[in-house]
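Working notes for the structure below.
Just so it is clear, none of the values below were taken in a lab; they were calculated from the coordinates. For clarity, every value in this text was computed on a predicted model and none was experimentally measured. Heads up, the Cβs are rebuilt from the backbone with ideal geometry, glycines too, and the neighbour counts pull from every protein chain shown.
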Amino acid sequence: MEFSISAKDMQLFGALSGDYNPLHVDDTFAKSKGFEGVVVYGALIAAKISQLIGMRLPGRDGIWCSFSLQFCAPLYVGETAQAEGLISAVSDSTGMVELALTIRNKDRLLAKGKAEVLLVAQ
């Protein structure tokens, strides 16, 4: 699933979360720390994983039970990234599916992790 985070998304998340860390809101500060500009909030990347799980994989019949995510490189405002979830294990007895997660920007790995999703029978 392809996505990007806008400056407006960043402003709204800052207001919602109360997180005004200058790394996420002050371009000059972020550049002084060696980054190309403000760094996208990790929680906004996690929100895109929520969209991937809740709406696409396995679809609207899943309940996100757990996840872990390791950030490897920054995502910058306006950059396009891809969220991918690959099924790495399935338990027929519990209805759980484990997903291997990756977030990439072109050839750059931004984050990796895993999620457990409970499939809800209809």
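May I ask you to derive the FRET efficiency for A7 and R60 from their Cβ-Cβ distance with R0 = 25 Å, giving the value to the nearest 0.05? Calculated transfer efficiency: 0.25.
Normalised radius of gyration (Cα atoms, divided by 2.2 N^0.38 Å) for the chain: 1.16. What the phi angles of the range 14-23 give under the Karplus curve with 6.51, -1.76 and 1.60, with θ = phi - 60°, is a coupling list of x, 5, 5, 8, x, 8, 10, 3, x, 4 Hz, glycine and proline written as x. Computed about its Cα centre, the charge dipole of the chain is approximately 140 debye, with only Lys, Arg, Asp and Glu carrying charge at their Cβ. Select from the range 1-50 those trypsin sites (Lys or Arg not before Pro) which occupy a DSSP coil region and have at most 13 other Cβ atoms within 10 Å, ordered by residue number. Here the trypsin sites (Lys or Arg not before Pro) that fit, given the DSSP loop and packing criteria, are K33. The lysines within cross-link reach of K112, meaning a Cα-to-Cα straight distance under 20 Å and a gap of 8 or more places when in the same chain, are K48. Cα centroids of the range 76-107 and the range 1-27: 22 Å apart. Ordering I45, S88, A115 by Cα displacement along the dipole of the range 2-119 toward the positive end leaves I45 in first place; charges were set at the Cβ atoms of Lys, Arg (+1) and Asp, Glu (-1).
The helix-only estimate of mean residue ellipticity at 222 nm for the chain, built from DSSP H runs of length n ≥ 4 each weighted as -39500 (n - 2.57), is -6500 deg cm²/dmol after division by the residue total. Applying 1/(1 + (r/R0)^6) with R0 = 25 Å to the Cβ-Cβ distance of E36 and Q82 gives a FRET efficiency near 0.85.
With the simple spin-label model, which puts each label point 7 Å out from Cα in the Cβ direction, the D26 to L118 separation comes to 4.4 nm.
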